[in-house]
Amino acid sequence: GNIAKMLDFYSQFNPSPLSIKQFIDFGLSACERKSFIFLRKELPVRLANIMKEIHLLPENLLRMRSVEIVNDLYATSFEEIILFEKADVNENTLDRFCQALVKIRNRHTDVVQTMAQGVLELKESHDVDVQTENSIQYFLDRFYMSRISIRMLINQHTLLFGGVLDCHNRHIGCIDPYCDVISVVKDAYENARFLCDQYYMASPELVFNQHNEMEQGNETKIVYVPSHLYHMLFELFKNSMRAVMEHCGSDADKYPGLKVTVVRGKEDICVKMSDKGGGIPRSQTDNLFKYMYSTAPQPSKSDAHTVPLAGYGYGLPISRLYARYFHGDLILLSCEGYGTDAIIYLKALSNEANELLPIFNKTSSKFYRALPSNADWSSQCGNSMATRQLPMN
Ligand code: W6P
């Protein structure tokens, strides 16, 4: 039908990644018409690129009810934005566009959970082979990254043009040009600690360590989306707290604190969180970022006494996507028997903080077809050499 034709058309274009600096410049020269004209093309392009990829998913997964629901949501939203393709640009159109964006954002609120449900449905109804698992991992990383980017665009437009102008607010849309990393760390810590106290009746202390290589002694202010940073830190805190509480036992009279180091270098901002929660085997580290592994039904879920603080849900893989979204990263380094370091890397320079976006093309489609088994390293146990890597870009 018509929508299929439109999808073919818009999926031919590559998404245009913006840097944080461009988001800021765009926000400061605030012109709603310009933003509208950019988005009425860019949003369909980003939607079409990822919708084409949904269609390449393993058939078993595509048939799951939850995946169909998500697919329908995308189709509806795509059609709603396409309506503005040839609209003439007047006040009324601009207002209706803002309203459409808000409606679309609300429609897609639960997409992460719905997709996760789809993966669960697949696992419960089929045996999933390694190849299918790799395809799903590859897809979900790209799908959730696309979602993060589309919500970023929608948030910027609706915050800049949708509401009342607030001149006492230093934010530009959802970007804080003077984002104080330490305040976000404290905020995330306090909220994770609240949960930790509820489950374990105690929680580890927070210890700070700050180093500003560029301006000695100054607090680390960065140009960033505070909600993204909060999301990553909150997730890491929950995991570290859980590790410490489970490792040290409930009768410990003192729990080893969580140490957070914030460093500003020339190129990188590093936020390192160190726990002494006993660590995890190196062979397990990669699994923490796997969606299929994370959706494993948890044996202790019904037992009120062992409700975990962090369920290893999609928290870690999605936190890593937030870091990678503006060309940062999130890395786990564990010493089994001792503890774990989690490092968030962010770009220190806003012009280097470019969106990392999935592009639909022949290369990406290849990952959904059967891969030759590459037995060019000796291994019976699927180490990282023997496992074909699926890069994000
Ligand atoms: C652990 C396991 C983990 C995952 C993510 C962050 C911190 C930690 N600590 O033991």
Report yes if some residue within the range 262-280 is of a type outside the set (A, V, I, L, M) and free of Cβ contacts under 8 Å to residues at least 12 places away in the same chain; otherwise report no. no
Flagged in the range 161-187 as closer than 23 Å to residue 349 by Cα and of a type in the set (A, V, I, L, M), in numbering order, are 172, 175, 181, 182, 184, 185
Report the residue count in the range 243-296 for those that are near the ligand (Cβ under 10 Å from one of its atoms) and not in a helix (DSSP H, G or I). 9
Being modelled with pLDDT under 95, open to solvent by 50 Å² or more (accessible area, probe 1.4 Å), charged (D, E, K, R) and part of a helix (DSSP H, G or I) narrows 121, 133 down to just 133
Looking at residue 90, is it more than 23 Å from the chain's Cα centre (by Cα) and modelled with pLDDT of 95 or more? yes
Which of the residues belonging to the range 217-247 are closer than 17 Å to residue 289 by Cα and touching a strand residue (DSSP E or B) at 6+ places or on another chain (Cβ under 8 Å)? 232, 233, 236, 237, 239, 240, 243
Restricting to the range 314-331, and then to whatever is among the aliphatic types (A, V, I, L, M) and crowded, with 20+ Cβ neighbours inside 10 Å, can you tell me which residue is nearest to the ligand (Cβ to nearest atom)? 316
Filtering the range 338-364 down to residues that are assigned to a strand (DSSP E or B) and either at positive phi or within 16 Å of the ligand (Cβ to nearest atom) (or both) yields 339, 340, 341, 342, 343, 344, 345
Please state which one of 100, 87, 48, 75 is open to solvent by 10 Å² or more (accessible area, probe 1.4 Å) and under 26 Å from residue 135 (Cβ atoms). 75
The condition of being over 27 Å from residue 324 (Cα atoms), hydrophobic (A, V, I, L, M, F, W, C) and modelled with pLDDT of 95 or more holds, among 37, 24, 54, only for 37
Out of the range 217-233, which residues are within 16 Å of the ligand (Cβ to nearest atom) and buried (at least 21 other Cβ atoms within 10 Å of the Cβ)? 229, 232, 233
So which residues in the range 266-313 are at pLDDT below 75 and open to solvent by 70 Å² or more (accessible area, probe 1.4 Å)? 297, 299, 301, 302, 304, 305, 312
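The values are calculated or read from the model by the stated rules, or taken from the named source; none is laboratory data. As the structure is a prediction and not an experimental result, all values here were calculated from the model. All Cβ positions, even for glycine, are placed from backbone atoms using ideal geometry, and neighbour counts span all protein chains on display. Areas reflect the complete protein model, heavy atoms only, side chains present, ligands, DNA and RNA absent. Shrake-Rupley method; radii C 1.70, N 1.55, O 1.52, S 1.80 Å.
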